[in-house]
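Encoded as structure tokens, the structure appears first; notes follow it.
Derivation of every value follows stated rules applied to the coordinates shown; laboratory data play no part. Small disclaimer: the values here were computed from a predicted structure and weren't measured. For neighbour counting, all protein chains shown are included, and Cβ atoms are generated from backbone atoms with ideal geometry for every residue, glycine included.
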Amino acid sequence: MGRILQSYTTEMKLKAVQMYIEAGMGYKRVARELNIPEPSVRRWVKRYEKEGASALEEKRGKTKGLTKGRPRKNPLSPEEELVRLRAENEYLKKLWALQRGQRIE
């Protein structure tokens with residue numbers, strides 16, 4: 001069975017990074033005191049140094065493009081809906097013709 005991924009808040013990640021950078025603690029000590037895996041602390045520090053505090057925000061579940069990720073919650077415009085329905089209608093006509101053994105135009 002797969003393992004469950006632990007998710008940490010941005011504040012928790014920032015606290016770990018600050019303990020490493022400002023307090024001068026090592027990765028192992030920060031991980032031990034906060035009870036988190038050492039590789040996570042290393043990854044957070046590396047991201048923080050490269051991109052700043054915004055790099056520590058949760059990125060899972062956020063789409064990067066219009067066609068990727070979860071389906072839209074907002075309905076399509078009437079024109080977009082019409083185009084989609086026409087394409088669906090043509091597809092179904094061809095499917096029914098194939099099932100009946102007819103030639104497709």
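Can you figure out the FRET efficiency of Tyr91 with Thr9, using R₀ = 35 Å and their beta-carbon distance, to the nearest 0.05?
On the way: r = 46 Å, r/R0 = 1.32.
That gives a FRET efficiency of 0.15.
Going by average Cβ density within 10 Å per residue, which order do the peptides 48-55, 37-44 take, highest to lowest? Walk me through the numbers before you get to the answer.
Values: 48-55: 12.0, 37-44: 16.0.
In decreasing order of mean packing, 48-55, 37-44 become 37-44, 48-55.
Evaluate the relative contact order of segment 1-54 (contact order divided by residue number), counting alpha-carbon pairs under 8 angstrom at least 6 apart; express in whole percent. Intermediate results must be reported in sequence, preceding the final value.
On the way: 28 pairs, mean separation 16.0, N = 54.
Over segment 1-54, the number comes to 30 percent.
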